[in-house]
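Please read the structure below before turning to the comments.
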Amino acid sequence: FPYTTLFRSGSFKDTVAVKKLDRVAQDAEKEFLAEVNTIGQTNHKHLVRLLGFCYEKQHRLLVYEYMGNGTLASLLFGKTIRSWKLRTQIATGIARGLVYLHDECSSQMIHCDIKPQNILLDDYYNARISDFGLAKLLQINQSRTLTNIRGTRGYVAPEWFRNTQITSKVDVYSFGVLLLEIICCRRHVEDIDIGEGGNSILTDWVWDCFQEGRLDALVENDFEVLE
């Protein structure tokens, strides 16, 4: 859990996306309520919009607007390298969504799980941040909080492991990793041998390239850049 399915309903004119929590356990319950409470307080063109939900007996459903072009992960890690213009548009959209969550929302919000799988693309490839199940809603005038580690391996900021209060900068770190993936069209961790002198961890490889003065290696297979 969770998984996404699609259905048409008389209550909605268009196709919608439904997120279903199969396991009604304590953690799943907290995740469901967190997502409803968090996304219900937002309204921004770069966030996926919650249309409704079901909270009845064992049923836990979240109804979202449907994003026709799927996840950013499917776009980045396919066989075709997408244009710089499109990738720039997507990166800018994600950044604007995070600015809204961190600075412009009525209550500051830390998403805590920014990654390609949680970025959806609408019919025009506009980026929409989704999946707020791990998000942390801060109180008014609160800029930092102490909470258990949240997020996905590879995108988790170092401060999570220091047992100190975290701020919205943990999202900024995750966005940094995501931005490298957008630039390189490469996953944060590769499961295959990437050759001599390479590194299976993207951030380590980029750091090596920076120290060695060969940042051009980040885009060596991107002919649009080389032109």
Above-threshold pairs, the threshold being 30 Å between Cα atoms, out of Lys45/Lys85; Lys57/Lys169; Lys85/Lys136:
Lys57/Lys169; Lys85/Lys136
Once the Cβ-Cβ distance between Val99 and Thr15 is put in as r, and R0 is 30 Å, what FRET efficiency do you end up with, to the nearest 0.05?
0.55
For the range 32-133, using Cα atoms only, the Rg and Dmax in Å read 14.2, 48
Mean accessible area per residue over the range 62-184 (1.4 angstrom probe, all protein chains present, square angstrom) is 48
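The values are calculated or read from the model by the stated rules, or taken from the named source; none is laboratory data. These numbers come from a predicted model, not from an experiment. Every residue, glycine among them, receives a Cβ derived from its backbone with ideal geometry; neighbour counts consider all protein chains shown. Keep in mind that these areas ignore ligands, DNA and RNA; they rest on the heavy atoms of the full protein, side chains included. Shrake-Rupley method; radii C 1.70, N 1.55, O 1.52, S 1.80 Å.
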